[in-house]
Amino acid sequence: MPTNITFIHLSGKPDQSHHQLISMLDTLLAKMDAETKKKKLQEEHNLPMTIKLEKEMNDMCNLSSGIREDGRLEGKLETMRNMIVDGLTTIEALKATGRYTEDELSVVAASLH
């Protein structure tokens, strides 16, 4: 069974899109708070904000926030590990700063072995 894949390039500028669906997706995935997104979808796209739609939108916003946070944490841990591998710091020195959690330090330490 063939699989169809569609790529959509979102500009991050919902106001500049000339295609309604792309503009809506741009709004949904934009870095703005959920209330602003709801207002824009209602006013600019005449999308009635039902309880079900609002819940789904909130779930989607929470998911994208979680993905961003996971990416930030992954980058932070990778940077910590690279600094140790490159001889710029040690686990002990990172711990002494008080800027990192025990979990973060444990993950980095485990990745070194």
Label-point separation, E69 to E102 (7 Å along Cα→Cβ), nm:
2.1
Could you state the angle between the C-alpha long axis of helix 51-85 and the longest principal axis of the C-alpha atoms of the chain, as a value from 0 to 90 degrees rounded to the nearest 10?
30
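Given Cβ point charges of +1 (Lys, Arg) and -1 (Asp, Glu) and nothing else, what value in debye, to the nearest 20, does the dipole of the chain about its Cα centre take?
220
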Percent relative contact order of the chain, based on C-alpha pairs within less than 8 angstrom and at least six residues apart?
15
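Anything over 25 Å Cα to Cα? Flag those among K52/K76; K31/K52; K31/K55, in the order listed.
K52/K76
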Quote to one decimal, in nm, the extra length available between A93 and S111 on full extension: 0.36 nm per residue of separation minus the C-alpha distance between them.
4.8 nm
Signed unit charges on C-beta, dipole axis of the chain, positive-most listed residue I5, V85, I22:
I22
Consider the candidate values (1) 52; (2) 26; (3) 37; state which one is percent of Cα pairs over 23 Å apart computed from the structure displayed.
(1)
Filtered trypsin sites (Lys or Arg not before Pro), region 27-81: DSSP coil and at most 13 other beta carbons within 10 Å
K31
Rounded to the nearest 500, what is the chain's calculated 222 nm mean residue ellipticity when only DSSP H runs of at least 4 contribute -39500 (n - 2.57) each, over all residues?
-21500 deg cm²/dmol
Given a Förster distance of 22 Å, report the FRET efficiency between L21 and K55 from their Cβ-Cβ distance, rounded to the nearest 0.05.
0.55
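Taken together, the values in this text are just the output of simple stated rules run on the coordinates, not laboratory data. For clarity, every value in this text was computed on a predicted model and none was experimentally measured. Ideal geometry is used to build each Cβ from the backbone, glycine not excepted, and the neighbour counts take in all protein chains shown.
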